[in-house]
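A short worksheet on the structure shown next.
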Amino acid sequence: MRFNRKGTTKIMYVPTIASTSYLPTAAEITAGTDYTEQINAIDGWSIENTPIETPDMASTFVSKIDGDDSAADSSLTFYEDDTANEIETDLAKGTDGFIIIFSKGKTAASKGMDVFPIKVASCSKSYSTDNEAAKVTVQFVITDRPALNQTVPGP
């Protein structure tokens, strides 16, 4: 059944995950911070492939094989809070951790949990004279292959 990501998808920052396969426990998720309500924009958070051309003398068609994978440039833009500095502190430049995207919601035993090991590359306030809410954009580098489409752990 089709659904709208807004209102369903949840996005969290989790500081540590013990598993080398990046599958968090329910306790590790609980120790994280749910930023869903503070997010204005999301960019990236996908795997891209660089195909390799494999021409041969038998054909004028140039076939391809799959090549190296890499992560798309990824960022989250948050609404800035005029008193709290949770985003600027938790996601300061150089911070390591994990961004978990629950694409189909955070319901235990559901599929769609994507776990991205990250390092914060920058945390920058946006300045504008436009009539808009203040924002902070956090740029991330994805440091290893993410665990995609995993099952949300139960309590």
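Quick notes on this structure:
- Residue-level accessible surface for Y79, protein heavy atoms, 1.4 Å, Å²: 90 Å²
- If only the Cβ of Lys and Arg carry +1 and only the Cβ of Asp and Glu carry -1, the dipole of the stretch 1-119 around its Cα centre is close to 640 debye.
- Additional length obtainable on full extension of the chain from A108 to D96, 0.36 nm per residue less Cα span: 1.8 nm
- Among the protein heavy atoms of the stretch 43-155, carbon and sulfur supply 48% of the accessible surface, probe 1.4 Å, non-protein parts ignored.
- In this calculation the C-beta distance from A72 to T36 is compared with R0 = 22 Å, giving a FRET efficiency of 0.60.
- Surface listing: R2, R145 arranged by accessible area from highest to lowest gives R2, R145, probe 1.4 Å.
- Shape of the stretch 6-155, Cα gyration tensor, a/c cut at 1.5: oblate
- Sequence-distant residues sharing a close amide H with N40 (under 5 Å, placed H): T77, F78, Y79
- Cross-link pairs K10/K135; K6/K93; K6/K106; K104/K135 - those with Cα-Cα distance over 23 Å: K6/K93; K104/K135
- On a per residue basis, the stretch 70-155 carries 53 Å² of accessible surface, using protein heavy atoms and a 1.4 Å probe.
- Per-pair calculated FRET efficiency, R0 = 35 Å: M57 and N149 via Cβ, rounded to 0.05: 0.30
- Set of aspartates and glutamates near K125 by C-alpha distance (under 17 Å), chain-local residues within fewer than 8 positions excluded: D43, E80, D81, D82, E86, E88, D90
- Between the amide H of A134 and those of E80, distances stay under 5 Å, these residues lying 5 or more places away or on another chain, with hydrogens modeled in the peptide plane.
- With both labels modelled 7 Å from their Cα along Cα-to-Cβ, the F3 to A133 distance reads 2.3 nm.
The values are calculated or read from the model by the stated rules, or taken from the named source; none is laboratory data. Fair warning: this is a prediction, and the values are worked out from it, not measured in the lab. A quick note on method: Cβ atoms are made from the backbone with ideal geometry, for glycine too, and the neighbour counts reach across all protein chains shown. Just the protein is used for accessible areas: all its heavy atoms, side chains included, with ligands, DNA and RNA removed. Shrake-Rupley method; radii C 1.70, N 1.55, O 1.52, S 1.80 Å.
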